[in-house]
Amino acid sequence: MTASDDVQAAIPGLIIGFVLALLLTLALTPVVRRYARRLGVVDRPEARRVNTRIVARGGGIAIGFAFIAVSLLMLAFNAISGTHFVDEPASVGARQVAALLIGAAAALAIGFLDDKYQLRARWQFLGQFAVAGVAVVLGVVVTTINDPLSPEGIFRIPAAIVGVTTLLWIVGMVNSLNFIDGLDGLSSGIALIAALTLGVISLGVGTGDPEPYVALFCFILAGALAGFLRWNFHPAQIFSGTSGIMCVGYSLAVLSILGAGKIAVALLVLGVPIMDTFWITVRRIASGRSPFAADRGHIHHRLLDLGLSHRSTVLVIYGVCVLLAVMSLVLSTTSQMYAFLGLIVLFGLALFAIERLGGGAGAVQESLDADSYAADRENSDDTTAPDAAGPAADSSGGSAPTPPPADQAEVRLEPAVAAHDRAPRP
C-alpha cells in the first residue's frame with residue numbers, strides 16, 4: 001500500500017481508540033474522585049492556588065488507566081483480528097511500546113504517591129529520573145535534534161550523552177506541565193492540543209512521512225485527556241494531580257521521540273509551558289531564590305492580575321497553543337526551530353509587557369500568605385468542607401473541625417476564583 005493508503009486504513013482505528021479512551025475516562029473520573037476524597041487525596045486552598053475549596057486530586061489515575069488499557073486493547077485487536085489497520089514500523093517495536101506503556105504506568109504510580117503523601121521535591125525528582133530511565137533502558141533515546149544552523153538541518157547527539165539528553169528531555173517535559181498546572185483545565189487542555197498535534201504530524205501532515213502506529217497512541221492519549229477535561233475544566237471537580245502530570249508528561253515526551261522531527265513539534269506546540277518554565281526559572285535564580293520556590297509569577301497568574309477571568313485566561317492560553325500547533329503543521333522542521341527560538345524572545349517580551357500593564361507587578365513577590373483566602377472562607381461553607389483526610393490545620397494554625405464520614409462527604413461545587421480577583425487593587 002502507498003503512504004496515503006496506510007493512513008486511510010488507519011483512520012477508523014484511530015477514531016475508535018480516541019472515542020474508547022474518551023468514554024472510559026469520562027466514566028472513570030467520577031469514581032476516582034470519590035475514592036480520592038475517601039483517601040484524603042485532596043488539594044486545599046493556599047495563596048498561590050486559585051481554588052477556594054477542597055478539590056480531589058489524583059485524576060491522572062483515570063487518564064493513565066484509560067490510555068494504557070485502550071492502547072493494549074487496540075494493539076491486541078490490531079494483531080488478533082487480522083485487520084492490521086496499523087502496521088508496526090521498523091523504528092517502533094515491542095521494546096519502544098513497552099517503554100511507553102510501562103513507563104506511563106510507573107509514572108502514574110509514583111505520581112499518585114505524591115498526590116497521597118505530598119513528597120518532598122527531591123523525591124519527586126528522583127522518581128522522575130527513575131521513570132525516564134525506563135525509556136532509556138528500553139531503547140527510547142534522543143539521537144538527533146533539529147539544528148537550523150547545520151547544512152543537514154540536524155545535530156547528531158554524541159552517543160556518550162544520548163542517555164543524559166533523553167533523561168533531561170523527559171524530566172523537563174514533566175516539569176513544564178507541572179509548572180503550568182495552575183488553573184482548572186490548563187495543563188490537561190494544553191496536553192490535549194499537543195497530543196492531537198503529534199497525532200496529526202504522525203499521519204504525515206506537514207512531513208510526508210506517515211507513522212500511523214505512533215499516531216494511534218497519540219490519539220488514544222488525546223481521547224483520555226478529552227474525557228478528563230469534562231471534569232477538570234473550570235470549575236474543576238477534580239485535579240489531575242502529580243499522577244496525571246507525570247503520566248501525561250512522560251507519554252508526550254516519549255511520543256515526541258518516536259519518529260523523526262517530533263521533538264521540534266513538541267517544543268513549538270508546548271512552547272507556552274516550556275517558556276513559562278524557562279523564564280520563571282531565570283527570574284527566580286536572578287533574584288537569588290531557588291528555581292523551585294513557590295510564587296505567583298507564572299503567565300496564568302499574570303493574566304489573571306490583568307483582570308481576565310479564570311476561563312478567559314485558560315482559553316487565551318489554549319488559543320496561543322492552537323496557533324503554535326498550526327505553525328508546527330505548516331512549517332518545515334528547520335523553520336520550527338527558528339520559530340521556537342523566536343518564541344523564547346517573544347515570550348520574554350510578553351511577560352515584560354504584561355508586568356508593565358500591571359499584571360504580576362505585585363504577584364511576583366507575593367508571599368504565600370494563607371490569610372489571602374480568609375474572606376473566602378468566612379463567606380463559604382468550605383471552611384468545614386468534608387474530606388477523608390481527618391483533622392487538619394487551618395490557615396490560622398488551629399485545628400479544622402473534624403469532617404463527617406467520607407462516604408457521606410461531598411463538596412459544594414462553586415466557581416474557584418483567585419483571591420486577588422476580589423481583593424482591592426493597590
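The values are calculated or read from the model by the stated rules, or taken from the named source; none is laboratory data. Nothing here was measured: the structure is a model prediction, and the numbers come from that model. Every residue, glycine among them, receives a Cβ derived from its backbone with ideal geometry; neighbour counts consider all protein chains shown.
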Seminar exercise, completed: Checked Val55, Val137 against criteria (touching a residue at least 40 places away in the same chain (Cβ under 8 Å) and either in contact with a Ser or Thr (Cβ under 9 Å, 6 or more places away or on another chain) or of a type outside the set (Lys, Arg) (or both)); the one match is Val55
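Rundown of residues vs (1) in contact with a strand residue (DSSP E or B) (Cβ under 6 Å, 6 or more places away or on another chain); (2) modelled with pLDDT under 95, yes/no style:
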{"residue": "Ala27", "(1), (2)": "no, no"}
{"residue": "Val31", "(1), (2)": "no, no"}
{"residue": "Arg37", "(1), (2)": "yes, yes"}
{"residue": "Val41", "(1), (2)": "no, yes"}
{"residue": "Arg48", "(1), (2)": "no, yes"}
{"residue": "Arg53", "(1), (2)": "no, yes"}
{"residue": "Gly58", "(1), (2)": "no, yes"}
{"residue": "Gly64", "(1), (2)": "no, no"}
{"residue": "Ala69", "(1), (2)": "no, no"}
Problem set entry | Single residue of the stretch 231-283 satisfying the filter (of a type in the set (S, T, N, Q), in a helix (DSSP H, G or I) and at pLDDT 85 or above) that is nearest to Cys321 (Cα to Cα) | Ser256
Exercise. Which of the residues spanning the stretch 110-128 are assigned to a helix (DSSP H, G or I), of a type outside the set (Phe, Trp, Tyr) and free of Cβ contacts under 8 Å to residues at least 12 places away in the same chain?
Worked result: Arg122, Leu126
Seminar exercise, completed: Out of (1) in a loop (DSSP other than H, G, I, E, B); (2) at pLDDT 95 or above, the one Val205 does not meet is (2)
Exercise. If you go through the stretch 167-180 one residue at a time, how many are out of contact with any His (no Cβ under 8 Å at 6 or more places or on another chain) and surrounded by fewer than 23 Cβ atoms within 10 Å (Cβ to Cβ)?
Worked result: 7
Seminar exercise, completed: For the stretch 139-174, the count of residues that are touching a Phe, Trp or Tyr at 6+ places or on another chain (Cβ under 9 Å) and at pLDDT below 90 equals 7
Problem set entry | Hey, Arg289 outside any helix (DSSP H, G or I) and at pLDDT below 75 or not | yes
Problem set entry | Flag for Ala99 being over 15 Å from Ala132 (Cβ atoms) and of a type outside the set (Lys, Arg) | no
